[in-house]
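Notes follow once the structure below has been shown.
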Amino acid sequence: MFKVKVLTVGKTKEAWLAEALAEYEKRLKPKLQIEWRLCKSSAELASDALAEPFLLLLDPKGELLTSEQFSQKFLRLIEERGSRLSIVIGGAEGLPPEIGKRPHVKWSFSPLTFTHQMMRLLLAEQIYRALE
């Protein structure tokens with residue numbers, strides 16, 4: 001089974017968002033487990049992220065991908081990483097600068113700006129799409 005850890009700042013405030021994330025977790029359960037690490041601050045996010053050996057950073061300045069490209073690259077990355085992958089979504093100020101000092105993979109879902117809460121949902125949907 002694949003395991004993905006998603007590190008981000010904040011919490012899920014809206015009930016509809018919690019329900020949507022739970023639905024994707026249920027759909028993904030046979031193939032992939034998502035662990036959500038909701039940090040209280042950018043400093044905590046940076047500390048947790050730097051403890052991971054490899055990171056996939058979601059950043060508007062990253063490589064812009066189509067859904068098909070995301071699927072191909074995601075599956076390749078998770079295979080290369082031994083079925084485990086850590087993904088970081090920045091908070092309102094973006095990614096903590098100390099995370100960017102290490103070489104990682106950076107992808108962008110869009111040149112548009114989304115809340116970190118919406119990015120969690122978009123990420124879950126794209127992972128689901130990639131595995132289907």
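Here are the numbers for the structure shown:
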| quantity | calculated |
| --- | --- |
| Among (1) under 14 Å from V6 (Cα atoms); (2) out of contact with any Ser or Thr (no Cβ under 6 Å at 6 or more places or on another chain); (3) in a loop (DSSP other than H, G, I, E, B), the one test that L122 misses | (3) |
| Search result, residues across region 31-61 that are open to solvent by less than 30 Å² (accessible area, probe 1.4 Å), within 13 Å of the chain's Cα centre (by Cα) and under 23 Å from Y128 (Cβ atoms) | I34, L55, L56, L57, L58, D59 |
| Odd one out for K5 among (1) open to solvent by 40 Å² or more (accessible area, probe 1.4 Å); (2) more than 19 Å from Q117 (Cβ to Cβ); (3) at pLDDT 95 or above | (2) |
| Test: L112 is in a helix (DSSP H, G or I), open to solvent by 40 Å² or more (accessible area, probe 1.4 Å) and out of contact with any helix residue (DSSP H, G or I) (no Cβ under 8 Å at 6 or more places or on another chain) | no |
| Test set (1) open to solvent by 50 Å² or more (accessible area, probe 1.4 Å); (2) touching a strand residue (DSSP E or B) at 6+ places or on another chain (Cβ under 6 Å); (3) over 20 Å from L121 (Cβ atoms) - Q72 fails condition number | (2) |
| Count of region 79-108 residues which are assigned to a loop (DSSP other than H, G, I, E, B), open to solvent by 50 Å² or more (accessible area, probe 1.4 Å) and of a type outside the set (G, A, S) | 6 |
| Positions within region 1-29 being more than 14 Å from A124 (Cβ to Cβ), touching a residue at least 12 places away in the same chain (Cβ under 8 Å) and not basic (K, R), in sequence order | M1, L7, V9, G10, E14 |
| Residues located in region 16-73, provided they are part of a loop (DSSP other than H, G, I, E, B) and acidic (D, E) | E52 |
| Residues located in region 55-71, provided they are under 19 Å from L7 (Cα atoms) and either without any contact (Cβ under 8 Å) to a residue 40 or more places away in the chain or touching a Pro at 6+ places or on another chain (Cβ under 9 Å) (or both) | P60 |
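The values are calculated or read from the model by the stated rules, or taken from the named source; none is laboratory data. None of the values given here were measured: they were computed from a predicted structure. Neighbour counts are summed over all protein chains in view; Cβ atoms, including those assigned to glycine, are modelled from backbone coordinates with ideal geometry. Side chains included, ligands, DNA and RNA excluded: accessible areas come from the protein's heavy atoms. Shrake-Rupley method; radii C 1.70, N 1.55, O 1.52, S 1.80 Å.
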